[in-house]
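Okay, structure first, notes after.
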Amino acid sequence: MRHVGLLCCLMAALFCFTPGAARGATEAEAFRAYLSRDTIGAAEFTSRNPEWDGRGDVVVAVLDTGIDMSAPGLRELPQGGAKVIEARDFSGQGDVTLRRAEVIDQDGRDVLRTDDGWAHYPRELPLPPIDGRYWLGFLDEARFAGSNVTDINANGREDDTFAFLVVRAGPAEKPRWVIYPDRDGDRDFTGEAPVRDYVFNQEVFTFGGAPPEGPETPLVFAATVVDEGARPTLSLHTADHSHGTHCAGIAAGFALYDRDGFDGDEAIPISVTRRDAGEFALYPGVPVELELLLARVPPALP
């Protein structure tokens, strides 16, 4: 049986300070000073129980700003497989409204259109809809204006818009939602590879456009389609602040700075904060939705 622990690294932890003894230390030395396994008895515990590293038994849920699944230490488990097994955003910042699209011909090209916008698409999708329905939505960078990351694809602009095509695909007896992100922002799904709900395949994606020599890297996104009403909603998880990644690395990081420890535990980042007008806000609906999410962890995840 899995044991799910909640690590609530919320805003109070942002007010950290740097001890004078650590100033001038290397990054690895500072890491060991701040996270001393000797002080809390963890080193002695793992020395006596080397096989107890959390694998198969422990899931750490990190309620914070979301985490970067591409960060070192958060990519994989010691025994292989994804370290982050589910990723959700309950703040609403990553919600993309989906509308049923009509297929029209525009200058000899197939176009999906809704009241919110349009995008080209190829008739031969890698994973076509089994019901003939196409759901179209848009993510604009303007919604991230109050966050620490206002240019989600690191191309030097803050006014890009990205389209999403969502369909139900797969065998008729067990169809699943499939998401086609418009990664290059050209409103054309031709050549775009599909991704599935993160919980099933641990697939992530980024938006392109950043110069190879640039100092910034695009945000990493995980997608979940929430189908609880008349129409589905696309929910995107990302880390628009480093705090959640920092806390996840402390609680569940693997092989950071060659440091042994409780590396086999899995992680579930749950974004519960958003930036509005530059201020952090805690999403009030988290307790109920979190309870529902954690209730489905054991049966949903192998």
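The values are calculated or read from the model by the stated rules, or taken from the named source; none is laboratory data. Fair warning: this is a prediction, and the values are worked out from it, not measured in the lab. Don't worry about glycine lacking a Cβ; one is built from the backbone with ideal geometry, like all the others, and counts go over all protein chains shown.
List of remarks:
- Pairs with Cβ under 6 Å, 6+ apart, first in region 33-50 and more than 16 Å from residue 252 (Cβ to Cβ) and of a type outside the set (D, E, K, R), second at pLDDT 75 or above and assigned to a loop (DSSP other than H, G, I, E, B): none
- Those residues of region 184-204 which are farther than 18 Å from residue 95 by Cβ, in contact with an Asp or Glu (Cβ under 8 Å, 6 or more places away or on another chain) and surrounded by fewer than 21 Cβ atoms within 10 Å (Cβ to Cβ), in sequence order: 185, 188, 196
- If the condition is being farther than 26 Å from residue 143 by Cα, in a loop (DSSP other than H, G, I, E, B) and touching a strand residue (DSSP E or B) at 6+ places or on another chain (Cβ under 6 Å), then region 168-198 contributes 170, 175.
- Region 62-101, residues that are crowded, with 19+ Cβ neighbours inside 10 Å, among the β-branched types (Val, Ile, Thr) and farther than 14 Å from residue 252 by Cα: 65, 96
- Matching residues, region 62-109, being among the acidic types (Asp, Glu), in a strand (DSSP E or B) and closer than 19 Å to residue 149 by Cα: 64, 89, 95
- Of the set (1) of a type outside the set (Lys, Arg); (2) crowded, with 21+ Cβ neighbours inside 10 Å; (3) at positive phi, all apply to residue 245 but (3).
- None of 227, 240, 265 is farther than 30 Å from residue 156 by Cβ, surrounded by 21 or more Cβ atoms within 10 Å (Cβ to Cβ) and either of a type outside the set (Lys, Arg) or at pLDDT 70 or above (or both) except 265.
- Scanning region 142-156 for residues that are in a helix (DSSP H, G or I) and surrounded by 20 or more Cβ atoms within 10 Å (Cβ to Cβ) yields a count of 1.
- Test: residue in region 120-133 that is in a loop (DSSP other than H, G, I, E, B), aromatic (Phe, Trp, Tyr) and in contact with a Phe, Trp or Tyr (Cβ under 8 Å, 6 or more places away or on another chain): yes
- The number of residues in region 98-136 that are basic (Lys, Arg) and over 29 Å from the mean Cα position of the chain (by Cα) comes to 2.
- With respect to the conditions (1) crowded, with 21+ Cβ neighbours inside 10 Å; (2) outside any strand (DSSP E or B); (3) over 18 Å from the mean Cα position of the chain (by Cα), residue 165 lacks only one, and its number is (2).
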